[in-house]
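The structure under discussion appears below in the form of C-alpha cells.
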Amino acid sequence: MAEESTSILCRDCFSRDKISAPAKAPVRCVSCGSPRLLNNEELFDLTLAHIDCDAFYAAVEKRDNPDLLDKPVIIGGETRGVVSTACYLARMSGVRSAMPMFKALKLCPKAIVIKPNMEKYTTVGREIRRRMRDLTPLVEPLSIDEAFLDMSGTEKLREEPAVAQLARFASQVAEELGITVSIGLSHNKLMAKLASDIDKPRGFTVIGEQETMDFLAPRPVSILWGVGKVLNKKLNVQGIEKVGDLRRFDKMELMARHGSMGERLYYFCRGIDPRKVSIDGETKSISSETTFNDDIGDFEVLKRKLWPLSESVSRRAKKSQLSGHTVTLKLKDKEFINRTRSQKLAHPTCLAEVIYQTGLALLEKEATGQTEFRLIGIGISTLGPIELADPIDLADPESFKRRQIETAMDDVREKLGKEAINKGRLID
C-alpha cells in the first residue's frame with residue numbers, strides 16, 4: 001500500500017516538496033519563508049484551471065493611474081447608469097456589479113466613478129489571453145477577463161506540474177502587466193470555477209477529486225452552475241438548501257421535478273462535470289434567423305417574424321452573460337442576395353425589446369413591398385459583459401419599466417418553460 005503524502009508548492013519562490021503522513025504541512029516555505037503555500041494530496045496531478053482577473057476594469061484603471069491605488073473606484077455609467085465592476089475597496093462598502101449607480105454612490109459616496117474604456121480593457125485582456133495560450137493551446141475564453149485552461153500534457157513538456165506553471169503565470173502577469181488574477185485548480189470545470197471564487201483577490205485554491213464531495217456538501221445549492229434565483233427558491237421550498245441535500249434524490253426524481261436541469265443537478269451535486277475545455281474561441285456575435293416556405297414582401301408579416309428571433313437572441317445573450325453594442329438585421333431576397341443593415345446603440349443591450357425595436361426600424365426601410373424575401377435574421381455584435389447592458393435612463397421612464405417587464409417574463413419562463421408567457425405581438 002502506497003504511503004500517503006501531501007504535495008506542497010510555494011507561490012512566491014515556486015519550490016516544491018512532499019511530506020509523508022502524519023507529518024503536518026509547514027506554515028511557511030522552508031526555502032524563502034513565504035506563508036503563501038499550496039498543499040494538497042493531488043496538487044501535482046490536477047490540470048484543469050479557471051483563471052479570473054480580479055476586478056479587471058478597476059484594476060486596469062488603478063494600474064494606469066497610481067493616484068487611485070488607495071481609493072474606492074467604480075467603473076460604470078454616471079448617476080443614471082449601473083455599476084460594471086468595482087474595486088475591492090468599494091466592494092467592502094457593499095457595491096456590487098449591476099447595481100444602479102445612485103445606490104452604489106449612497107453606499108460609497110467617496111468612490112471615484114470612471115466611464116468604461118472597452119478598447120483599453122480589450123487590449124489588456126488580449127495580452128493576458130496570449131500568455132494563457134503560451135501555457136496551453138487548450139484555452140476556453142468565457143469573457144474578456146476569464147477563461148478555462150486544460151493543462152494536460154504540459155507537465156511533461158515543461159517538466160513542471162500545472163500548479164507551478166500557473167503560479168508563475170500569476171506572478172508574471174502581476175509583475176509585468178500590473179493585473180492580479182485568482183486561480184482555481186481542480187479535476188473538472190465545475191470545481192475549478194468554484195475554486196477560483198473562494199479566495200479573491202490574488203487567490204489560488206486547489207480542490208482535489210477525493211475531497212470534492214465533502215467540499216460541496218455544506219455549500220448553498222445556489223453555487224451550482226445553472227441555479228439562478230428562481231430555481232434556488234424553488235429548491236429551497238422543497239427543503240433543498242445545501243448541495244448535500246440534493247443527494248437524497250435519485251436522477252429520475254430530479255429529472256421529473258426539474259427536467260434536463262435535474263440531470264445536471266444530480267451530477268453537479270456529486271462534483272461530476274463531463275464538459276471539456278472548448279477552443280472554439282470567443283463568441284463574436286449572437287444571431288437567429290429563419291427561412292420562409294414562401295417568399296414574403298409584406299412588412300406586417302415580416303414584423304411578426306422578427307419578434308421571436310429577437311427573443312431567441314436575447315435568451316442566448318443572457319445565458320452567456322453577454323450584451324451587444326450593435327444590432328444587425330439580415331434579409332435574403334428571392335434571388336439569394338443578402339442584405340445586412342446595422343445600427344450601433346448608445347448602450348449595449350441584451351433585452352429582446354431593444355433588439356426588436358432596433359431591428360424593426362431597420363426593417364421598415366427595407367421592406368417597402370417592392371422586394372420579397374426568403375429569409376430574415378437578427379443579431380447582436382460588438383459583444384461585452386452583461387453588466388454593461390441597458391443602463392437605467394431617468395430621462396426615459398419607460399427604460400426601467402421595459403427591464404422590469406422582461407425580467408418578470410424571464411423569471412416565469414425559467415420556472416414554467418419558455419412558452420409559458422409571450423407578448424401579444426405574437427398573435428396574428
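The values are calculated or read from the model by the stated rules, or taken from the named source; none is laboratory data. Because the structure is predicted, anything quoted here is derived from the model rather than measured. All Cβ positions, even for glycine, are placed from backbone atoms using ideal geometry, and neighbour counts span all protein chains on display. For the accessible areas, the whole protein counts, side chains as well, though only heavy atoms, and no ligand, DNA or RNA atoms are used. Shrake-Rupley method; radii C 1.70, N 1.55, O 1.52, S 1.80 Å.
Consider segment 368-382. How many of its residues are among the aliphatic types (A, V, I, L, M) and open to solvent by 10 Å² or more (accessible area, probe 1.4 Å)? Walk me through how you get there before you give the answer.
Kept after step one, since they are among the aliphatic types (A, V, I, L, M), are these residues of segment 368-382: 375-376, 378, 380.
Add one more test, that the residue is open to solvent by 10 Å² or more (accessible area, probe 1.4 Å), and what stays is none.
Final tally of qualifying residues: 0.
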Report task. Determine whether segment 350-367 contains at least one residue that is open to solvent by 20 Å² or more (accessible area, probe 1.4 Å) and in contact (Cβ under 8 Å) with a residue 60 or more places away in the chain. Result -> yes
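When residues of segment 1-12 are filtered for being surrounded by fewer than 14 Cβ atoms within 10 Å (Cβ to Cβ) and either of a type in the set (Lys, Arg) or modelled with pLDDT of 95 or more (or both), how many remain? Quick ask: steps written out before the conclusion?
Of segment 1-12, the ones surrounded by fewer than 14 Cβ atoms within 10 Å (Cβ to Cβ) are 1-5.
Now restrict to residues that are either of a type in the set (Lys, Arg) or modelled with pLDDT of 95 or more (or both): none.
Counting residues in segment 1-12 that are surrounded by fewer than 14 Cβ atoms within 10 Å (Cβ to Cβ) and either of a type in the set (Lys, Arg) or modelled with pLDDT of 95 or more (or both) gives 0.
Here is a check on your reading of the model: is ALA25 part of a loop (DSSP other than H, G, I, E, B), closer than 24 Å to MET191 by Cα and either among the small types (Gly, Ala, Ser) or open to solvent by 70 Å² or more (accessible area, probe 1.4 Å) (or both)? Give the steps one after another, and end with the answer.
Numbers: part of a loop (DSSP other than H, G, I, E, B): yes; closer than 24 Å to MET191 by Cα: yes; either among the small types (Gly, Ala, Ser) or open to solvent by 70 Å² or more (accessible area, probe 1.4 Å) (or both): yes.
The answer is yes for ALA25.
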Report summary line: Residue hits (segment 180-218; surrounded by 21 or more Cβ atoms within 10 Å (Cβ to Cβ) and farther than 24 Å from CYS53 by Cβ) are LEU216
Query - Scope segment 234-289; condition surrounded by 14 or more Cβ atoms within 10 Å (Cβ to Cβ), polar (S, T, N, Q) and not in a helix (DSSP H, G or I); matching residues - result: THR283, SER285, SER287, SER288
Query raised in the report: So which residues in segment 62-108 are within 26 Å of PRO348 (Cα to Cα), hydrophobic (A, V, I, L, M, F, W, C), touching a helix residue (DSSP H, G or I) at 6+ places or on another chain (Cβ under 7 Å) and without any contact (Cβ under 8 Å) to a residue 24 or more places away in the chain?
Result: VAL95
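Take the conditions surrounded by fewer than 22 Cβ atoms within 10 Å (Cβ to Cβ), in contact with a Lys or Arg (Cβ under 9 Å, 6 or more places away or on another chain) and of a type in the set (Asp, Glu) and apply them to GLU175. Does it pass?
Numbers: surrounded by fewer than 22 Cβ atoms within 10 Å (Cβ to Cβ): yes; in contact with a Lys or Arg (Cβ under 9 Å, 6 or more places away or on another chain): no; of a type in the set (Asp, Glu): yes.
It is false that GLU175 is surrounded by fewer than 22 Cβ atoms within 10 Å (Cβ to Cβ), in contact with a Lys or Arg (Cβ under 9 Å, 6 or more places away or on another chain) and of a type in the set (Asp, Glu).
Can you name the residue in segment 325-349 that is closer than 26 Å to ILE296 by Cβ and within 24 Å of the chain's Cα centre (by Cα) and, of all such residues, is most open to solvent (accessible area, probe 1.4 Å)? Spell out how you get there, then give the answer.
Of the residues in segment 325-349, the ones closer than 26 Å to ILE296 by Cβ are 326-343.
The next check asks that each one be within 24 Å of the chain's Cα centre (by Cα); those that pass are 326-328.
Details: THR326: 21, VAL327: 0, THR328: 36 Å².
Per the criteria, the residue is THR328.
So how many residues does segment 28-46 have that are surrounded by 15 or more Cβ atoms within 10 Å (Cβ to Cβ) and either touching a residue at least 24 places away in the same chain (Cβ under 8 Å) or on the phi > 0 side of the Ramachandran plot (or both)? Quick ask: steps written out before the conclusion?
First, the residues of segment 28-46 that are surrounded by 15 or more Cβ atoms within 10 Å (Cβ to Cβ): 29, 36-46.
Still in the list and also either touching a residue at least 24 places away in the same chain (Cβ under 8 Å) or on the phi > 0 side of the Ramachandran plot (or both): 36-46.
Looking only at that region, the number is 11.
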**Report entry** Subset of segment 174-190 (residues that are more than 17 Å from TRP225 (Cα to Cα) and of a type in the set (D, E, K, R))
**Finding:** GLU175, GLU176
Query raised in the report: If you go through segment 152-162 one residue at a time, do you hit one that is under 29 Å from ASP390 (Cβ atoms), open to solvent by 10 Å² or more (accessible area, probe 1.4 Å) and in contact (Cβ under 8 Å) with a residue 60 or more places away in the chain?
Result: no
